[in-house]
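This report concerns only the one structure given below.
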Amino acid sequence: MKKLLLILVVALALAPNYSFANPSGKTCLDYRGVMVTWVASSVAAKVADATYTFNGNPVIVYNPGALGEKSANTRLFFQYRECGRHVLGMTIANSAKTNDWNKVDCWAANTMRYEDGLKDGDFKALDEDVAGLSAEEWIQAPGPIRSVQTTSCFK
């Protein structure tokens, strides 16, 4: 019995850390009006990734430790943009069109402005932070390597 308990404790200690909580505390509904489930995973490769469960429920898997050297707003931006992909229906087929990525980037920026109260200076700092992503950091970010200019979303 002690061996079984010890094996169980070791297995739980070595298992990836998963939790179900939206990092922003905000509700995210997909284009069908279905609630998106947020899954925190310390082993996820990306800071956030919009996907679906086997039965079609929308999910965002995010790694709270990814891009740890970047600002909290930068990590939140990438999490919101994955919510935006669900909201705008961009999870159905991945688009290579830059304009599509700009739409979802602006959706995230507008959410941050109107729900989180970010100001113009915050978006300038966000754009600079994203512009400073190295190739290794872009691997952790959702979407293709691109120029993110959230400040242009408000003009």
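The values are calculated or read from the model by the stated rules, or taken from the named source; none is laboratory data. Just so you know, these numbers come straight off a predicted model, no measurement behind them. Cβ coordinates were reconstructed from backbone atoms using ideal geometry, including for glycine residues, and neighbour counts include every protein chain displayed. Calculation scope for accessible area: heavy atoms of the full protein, side chains included, ligands and nucleic acids excluded. Shrake-Rupley method; radii C 1.70, N 1.55, O 1.52, S 1.80 Å.
Scanning for something farther than 20 Å from residue 65 by Cα, modelled with pLDDT under 90 and not in a helix (DSSP H, G or I), does segment 102-117 turn up at least one residue? Yes, because at least one residue in segment 102-117 is farther than 20 Å from residue 65 by Cα, modelled with pLDDT under 90 and not in a helix (DSSP H, G or I).
Kindly indicate whether residue 50 is touching a Lys or Arg at 6+ places or on another chain (Cβ under 7 Å) and modelled with pLDDT of 90 or more. Judged against the criteria, residue 50 is a match. Kindly indicate whether residue 83 is surrounded by 15 or more Cβ atoms within 10 Å (Cβ to Cβ), closer than 22 Å to residue 52 by Cα, touching a Ser or Thr at 6+ places or on another chain (Cβ under 8 Å) and at pLDDT 90 or above. So residue 83 passes the test. Among the residues making up segment 31-80, those that are among the small types (Gly, Ala, Ser), open to solvent by less than 20 Å² (accessible area, probe 1.4 Å) and in contact with a helix residue (DSSP H, G or I) (Cβ under 6 Å, 6 or more places away or on another chain) are 48, 50, 66.
The set of residues in segment 131-147 that are in a loop (DSSP other than H, G, I, E, B) and touching a Lys or Arg at 6+ places or on another chain (Cβ under 9 Å) comprises 132, 133, 141, 142, 143.
The single residue among 119, 70, 124 that is closer than 25 Å to residue 41 by Cα and more than 13 Å from the chain's Cα centre (by Cα) turns out to be 70. Filtering segment 128-148 to residues that are over 17 Å from residue 47 (Cα atoms) and modelled with pLDDT of 90 or more leaves only 128. Scanning segment 26-51 for residues that are assigned to a loop (DSSP other than H, G, I, E, B), in contact with a strand residue (DSSP E or B) (Cβ under 6 Å, 6 or more places away or on another chain) and in contact (Cβ under 8 Å) with a residue 40 or more places away in the chain yields 30, 36.
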